[in-house]
Amino acid sequence: MKKFIIAIIMLPLLMFVSADIQAQAGNSGSPRTGIQAVQKCHETAGGVQTGFYAVYVYRVGKTDEQTLLGTFKADGTSYTPPAGTITLGSCSSAAGGGGIDSFDYSFQLLPMCDSATYDFNRLIREKCNSLTDVCTTTNVGDYDLSMVAYTLTGTVSAGYCTSNAIYRDMAPDLYEIANTQAFNFDYYSIHIQNVGTKSFTLTMNAATVTILPGGEWWCNAFYNETTKKVEFCPSYTITGTGIEALVSNVTKHTN
């Protein structure tokens, strides 16, 4: 029986880092969009303090990656600080939200579907009593995928609409490749396996490697802390004739 040497061929592996941004106030995000709620304190010239949160939106890979969505009090109501001094952190006076407080506040961004057709994001404020573990939730606002205020048109359900691309591209596209084929997109992830008995070549970024029978290669997008952008896996080409390549891609979404 002919024996094949199983080789694992791997270009430098790109480690995946979540694009959702963590913050002191507690956050979550929909795919490719994250939020950060920063606690601040406003003080007037007369010494009156008001605690509030500045909620920032992060949309990695966009020209406007970080934008201020709005400023809100702990109860979720909109708040525009008047003239005065703004400092980071909680206020020192109890009236301004300082002192001992048994409540924890957080802002979350939830993926939603309107009328089984329109994807949008819902910003909520959650208030939890750390003594009783009882939580209450307030809807702060609805926003489209570009984070512009959105008006509902029909029935709302949790999660993005299953009929839309932003939902579908969360699952990989699977291919069985028998001959040369190019894949010309940016990808969140790539996984290539040689499940046949013939070698084939993989070309990416002007570099070419040989994938032996039983070998595999993979790539995952990662978040670059220096550029504040997601570095996607690039386009690539599989070259060969009569080969058996099993390919799994998750394509970058364009919205």
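The values are calculated or read from the model by the stated rules, or taken from the named source; none is laboratory data. These numbers were taken from a predicted model, which means no experiment stands behind them. Glycine gets a Cβ as well: all are built from the backbone with ideal geometry, and neighbour counts include every protein chain shown.
Among the conditions (1) at pLDDT 85 or above; (2) over 31 Å from the mean Cα position of the chain (by Cα); (3) part of a loop (DSSP other than H, G, I, E, B), Thr50 misses just one, which is (3).
Rundown of residues vs (1) surrounded by 14 or more Cβ atoms within 10 Å (Cβ to Cβ); (2) at pLDDT 85 or above; (3) in the same structural domain as Val247 (by TED's automatic domain parsing), yes/no style:
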position: Val156; (1), (2), (3): yes, yes, no
position: Gly159; (1), (2), (3): no, no, no
position: Tyr188; (1), (2), (3): yes, no, yes
position: Ile192; (1), (2), (3): yes, yes, yes
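Residues in the range 194-211 that are at negative phi and surrounded by fewer than 17 Cβ atoms within 10 Å (Cβ to Cβ): Val195, Thr197, Lys198, Ser199, Thr201, Thr203, Ala207, Thr208, Val209, Thr210. Residue count for the range 105-136 under the criterion of being of a type outside the set (A, V, I, L, M, F, W, C), assigned to a strand (DSSP E or B) and either in contact with a Phe, Trp or Tyr (Cβ under 9 Å, 6 or more places away or on another chain) or exposed (fewer than 14 other Cβ atoms within 10 Å of the Cβ) (or both): the result is 12.
This table checks each residue for (1) closer than 27 Å to Gln66 by Cα; (2) in a strand (DSSP E or B); (3) charged (D, E, K, R); (4) in contact (Cβ under 8 Å) with a residue 24 or more places away in the chain.
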position	(1), (2), (3), (4)
Ile190	no, yes, no, yes
Gln193	no, yes, no, yes
Lys198	no, no, yes, yes
Leu202	no, yes, no, yes
Thr210	no, yes, no, yes
Gly214	no, no, no, yes
Trp217	no, yes, no, yes
Thr226	yes, no, no, no
Val230	yes, yes, no, yes
